[in-house]
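Peer 1: Quick one: structure below, then a few questions.
The values are calculated or read from the model by the stated rules, or taken from the named source; none is laboratory data. Bear in mind that the values here come from a model prediction, so they are computed numbers and not experimental data. Cβ placement follows ideal geometry from the backbone for every residue including glycine, while neighbour counts extend to all protein chains displayed. Remember, those area values only see protein heavy atoms, side chains included, never the ligands or the DNA or RNA. Shrake-Rupley method; radii C 1.70, N 1.55, O 1.52, S 1.80 Å.
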Amino acid sequence: MDSSNYRNEINQMLDSLPEEELRKVFWFVNVTLGKHLYNKNLLDKGVVILELIEEAKEIIDLWDRAFAKNISDEIKKEIHYHQYKWHIFSYKKKECLEGEAARDAFDILTKNELYVMFQNSPDIVFEYKNAKDVVSANFDSEQDIYIFDKSFKWTYVHTHESMCGPYFYKK
């Protein structure tokens with residue numbers, strides 16, 4: 001089906017929906033557009049985005065060991081670490097840079113290959129290749145996103161809360 005057929009089909013579906021359902025459709029399309037623009041911006045910079053599914057759990061576990069290994073299970077429970085890993089920074093359990101200082105530290109890094117994970121997507125990690133032109137502003141539209149180098153020496157986190165972060169931690 002070509003794009004004009006999709007548009008016609010979508011318009012017919014929208015016309016058949018009651019008004020109160022259109023709000024749901026609007027927000028779904030809005031989220032889809034946001035993801036498209038996020039990815040398009042990276043692709044326009046020459047970034048190659050790979051989905052790592054089979055390796056995801058191992059990479060997430062490596063992030064935990066690299067950046068939260070000295071934090072006890074008791075403290076992790078107190079700060080709701082499993083809800084948001086970035087609480088190790090917001091609760092000051094790890095000393096890190098915050099706000100503009102975090103952005104600046106990330107922006108000046110030499111980057112080529114990165115891992116990217118989202119708090120609420122435990123089954124997938126992304127690998128960004130040719131990421132030399134990626135900057136902190138590229139993640140401003142994202143929530144609870146963790147960006148880190150493949151050797152787990154640093155991590156940059158952009159949260160969903162405007163008063164928390166972003167955070168940059170370097171071992």
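Peer 1: Can you go through LEU43, LEU62, LEU52 and tell me which one is among the aliphatic types (A, V, I, L, M), exposed (fewer than 15 other Cβ atoms within 10 Å of the Cβ) and farther than 19 Å from GLY165 by Cβ?
Peer 2: Answer to the check: LEU43.
Peer 1: Can you name every residue in the stretch 101-125 that is exposed (fewer than 14 other Cβ atoms within 10 Å of the Cβ), more than 12 Å from the chain's Cα centre (by Cα) and closer than 20 Å to HIS87 by Cβ?
Peer 2: Across the stretch 101-125, the qualifying residue is only ALA101.
Peer 1: Taking the condition of being among the hydroxyl-bearing types (Ser, Thr, Tyr) and either touching a strand residue (DSSP E or B) at 6+ places or on another chain (Cβ under 9 Å) or closer than 17 Å to ILE147 by Cβ (or both), how many residues in the stretch 59-112 meet it?
Peer 2: 3
Peer 1: Okay, next question. Report yes if GLU98 is surrounded by 14 or more Cβ atoms within 10 Å (Cβ to Cβ), acidic (Asp, Glu) and under 22 Å from HIS160 (Cα atoms), otherwise no.
Peer 2: It is true that GLU98 is surrounded by 14 or more Cβ atoms within 10 Å (Cβ to Cβ), acidic (Asp, Glu) and under 22 Å from HIS160 (Cα atoms).
Yes/no per residue for (1) without any contact (Cβ under 8 Å) to a residue 60 or more places away in the chain; (2) open to solvent by less than 60 Å² (accessible area, probe 1.4 Å); (3) of a type in the set (Gly, Ala, Ser):
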{"position": "GLN12", "(1), (2), (3)": "yes, no, no"}
{"position": "GLU20", "(1), (2), (3)": "yes, no, no"}
{"position": "VAL29", "(1), (2), (3)": "yes, no, no"}
{"position": "LYS35", "(1), (2), (3)": "yes, no, no"}
{"position": "TYR38", "(1), (2), (3)": "no, yes, no"}
{"position": "ALA68", "(1), (2), (3)": "yes, yes, yes"}
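Peer 1: Out of the stretch 115-171, which residues are among the polar types (S, T, N, Q) and part of a loop (DSSP other than H, G, I, E, B)?
Peer 2: Listed by number, the residues that qualify are GLN119, ASN120, SER121, ASN130, SER141, GLN143, SER151, THR159, SER162.
Peer 1: Consider only pairs whose beta carbons are under 6 Å apart and that are at least six residues apart or on different chains; among these, list those whose first residue lies in the stretch 160-171 and is under 13 Å from ASP140 (Cβ atoms) and whose second residue is modelled with pLDDT under 95.
Peer 2: Listed pairs, sorted by first residue: HIS160/GLN143.
Peer 1: Run GLU78 past the list (1) open to solvent by less than 40 Å² (accessible area, probe 1.4 Å); (2) modelled with pLDDT of 95 or more and report the number of the one that doesn't hold.
Peer 2: Exception for GLU78: condition (1).
Peer 1: Being of a type in the set (Phe, Trp, Tyr) and open to solvent by 10 Å² or more (accessible area, probe 1.4 Å) is the filter here, so list the residues in the stretch 127-166 that pass it.
Peer 2: PHE152, TRP154
Peer 1: Sort out which residues of the stretch 143-171 are of a type in the set (Asp, Glu) and within 24 Å of ARG65 (Cβ to Cβ), and write them in order of number.
Peer 2: Listed by number, the residues that qualify are ASP144, ASP149.
Peer 1: Examine the stretch 5-12 for a residue that is farther than 20 Å from GLU142 by Cα and either within 18 Å of the chain's Cα centre (by Cα) or basic (Lys, Arg) (or both), and state whether such a residue exists.
Peer 2: Among the residues of the stretch 5-12, at least one is farther than 20 Å from GLU142 by Cα and either within 18 Å of the chain's Cα centre (by Cα) or basic (Lys, Arg) (or both), which makes the answer yes.
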